[in-house]
Amino acid sequence: MKTWMSLAALVLATAVVGAQTPAPAAPAGNADTGRKLFVSFGCYQCHGYEAQGSSATGPRLGPKPIAYAAFLRYVRRPTNQMPPFTAKVVSDADLANIYAFLQARPAPTPVANIPLLK
């Protein structure tokens, strides 16, 4: 009985520690270069020049983009209507710069702070 309980405790402890392991950080990128790449690859056509998105064309990408690993995976093998951007089309270094641009987007103004909406 003690062996079974010890094994259960070990499995639980491993699961808890594994759940707390942070995702790997995004590689360093240059937001200014990322802005240029975002436009040159046509990302703005669906996501807007500031990555603000639109319900009619594409989702908001920034600020606070999804985790870099998920971003990279989605860009390479997207679902829905977005075309794939393989490594032959957009390098990992270029994607790191685009991701830096997305991270650098300012948060939108809260509705309560927009005088015309009061």
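Things worth noting here:
- The chymotrypsin sites (Phe, Trp or Tyr not before Pro) found in region 40-96 that occupy coil by DSSP, while having at most 16 further C-beta atoms within 10 Å, are Phe41, Tyr49.
- Gain on full extension, evaluated as 0.36 nm per residue between Ala107 and Cys46 minus their Cα-Cα distance, stands at 20.0 nm.
- Karplus-derived 3J(HN,Hα) values for region 77-82, using 6.51 cos²θ - 1.76 cosθ + 1.60 with θ = phi - 60°, are 9, x, 10, 6, 9, 6 Hz; glycine and proline are entered as x.
- Backbone amide hydrogens, once placed in the peptide plane, bring Met82 within less than 5 Å of nothing, excluding anything fewer than 5 places away on its chain.
- Kirkwood radius and radius of gyration were both taken over the C-alpha atoms of region 58-116, and their ratio Rg/Rh is 1.10.
- Formal net charge of residues neighbouring Asp94 (Cβ-Cβ distance under 15 Å; K, R +1; D, E -1): +2
- Local net charge near Arg105, Cβ-Cβ under 12 Å (Lys/Arg +1, Asp/Glu -1): +2
- Listed residue (Phe41, Leu72, Ala51) projecting farthest to the positive dipole end of region 41-99, Cβ model: Leu72
- The simple spin-label model puts a point 7 Å past each Cα toward its Cβ; for Arg77 and Lys118 those points are separated by 5.1 nm.
No lab work stands behind these numbers, since they all come straight from the coordinates. Treat the numbers as computed from the prediction; the structure is a model and nothing was measured. Counting neighbours? That spans all protein chains shown, and the Cβs are built from the backbone with ideal geometry, glycine included.
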